Amino acid sequence: MRTQKYNLQGIKVFFYILMIAILGWFVFMQLFGANEQNHDVQSHSVVYTQSFYWEKEDGSKQKINLPGKYEVKPGHTMIISTTLPEDYNETSIAIRSSLQDVKFYVDNTLRTEYSTKDTRLAGKNSASRYVFCPTTYKDAGKTLRIELTTYTSNYSGVVNEIYYGSEADIWQYIYIMIMECTHSLPSLYYLPALHPFYLVQP
């Protein structure tokens with residue numbers, strides 16, 4: 001009984017130390033982190049700005065803006081494609097799924113697939129999350145195709161911003177965006193929600 005009590009106290013102490021360390025990290029980044037000019041440079045290098053085209057079911061193509069929402073029926077797959085630049089040499093491309101199954105193809109070869117259909121206990125949709133597709137310099141000039149499928153009308157046809165670079169750079173950019181959205185230092189209560197595994201809001 002006494003051993004259990006000590007174990008619980010140890011867990012609580014570890015949790016509080018972890019939360020204080022995270023808060024300290026945020027304070028440090030606020031005071032000594034990259035300035036806005038450096039952040040602007042990173043934004044241009046991480047956000048994918050090449051043209052994307054919506055490949056419609058009737059065979060036609062439409063140039064689209066990202067992020068955006070387009071008329072796609074629930075349960076139907078929205079297919080978008082782009083040609084990677086000739087000087088492409090990044091290691092990842094990422095998109096945030098909004099309750100969507102996601103597939104990445106490079107020149108018609110399936111590279112990455114995300115779906116929870118075989119593991120979820122209830123519901124029709126996969127949980128929202130960031131999905132990363134590994135890439136290399138050998139993919140330069142190739143066609144990248146992304147397929148998005150959801151059974152919820154609110155998110156059918158939704159295409160979120162697409163990022164490219166290293167996974168570390170992309171996650172750093174996402175954290176910076178979260179920090180800017182809060183407009184102030186987050187409290188300890190909200191800090192766990194900033195962990196990548198909790199970034200699953202639609």
Exercise. Spot the failing condition for residue 150; the list is (1) over 23 Å from residue 57 (Cα atoms); (2) open to solvent by less than 70 Å² (accessible area, probe 1.4 Å); (3) over 14 Å from the mean Cα position of the chain (by Cα), and only one is missed.
Key: (1)
Exercise. Filter segment 121-150 down to residues that are of a type in the set (A, V, I, L, M, F, W, C) and out of contact with any strand residue (DSSP E or B) (no Cβ under 6 Å at 6 or more places or on another chain) and give me whichever is nearest to residue 74 (Cα to Cα).
Key: 127
Exercise. Write out, first by first residue and then by second, each pair whose Cβ atoms fall under 7 Å of each other, whose residues are 6+ apart or on separate chains, and whose first residue, in segment 34-55, is at pLDDT 80 or above while the second is assigned to a helix (DSSP H, G or I).
Key: 46/169; 46/170; 46/173
Quiz item: Yes or no: residue 159 under 29 Å from residue 73 (Cβ atoms), of a type outside the set (Gly, Ala, Ser) and free of Cβ contacts under 8 Å to residues at least 40 places away in the same chain?
Solution: no
Quiz item: Within the group 17, 79, which residue is at pLDDT 70 or above, open to solvent by less than 50 Å² (accessible area, probe 1.4 Å) and either closer than 28 Å to residue 104 by Cα or out of contact with any helix residue (DSSP H, G or I) (no Cβ under 9 Å at 6 or more places or on another chain) (or both)?
Solution: 79
Exercise. Inspect all residues belonging to segment 88-96 and state whether any of them is in contact with an Asp or Glu (Cβ under 9 Å, 6 or more places away or on another chain), of a type in the set (Asp, Glu), closer than 26 Å to residue 45 by Cα and open to solvent by less than 70 Å² (accessible area, probe 1.4 Å).
Key: yes
Practice problem: Write out, first by first residue and then by second, each pair whose Cβ atoms fall under 7 Å of each other, whose residues are 6+ apart or on separate chains, and whose first residue, in segment 119-137, is under 18 Å from residue 149 (Cβ atoms) and at pLDDT 85 or above while the second is open to solvent by 30 Å² or more (accessible area, probe 1.4 Å) and of a type in the set (A, V, I, L, M). | Solution: 125/99; 126/99; 127/200; 128/99; 128/200; 129/200
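The values are calculated or read from the model by the stated rules, or taken from the named source; none is laboratory data. Computed from a predicted model, the values in this text were never measured in an experiment. No Cβ is skipped: glycine too gets one built from the backbone with ideal geometry, and neighbour counts run over all protein chains shown. We work out accessible area using only protein heavy atoms, side chains counted, and drop any ligands, DNA or RNA first. Shrake-Rupley method; radii C 1.70, N 1.55, O 1.52, S 1.80 Å.
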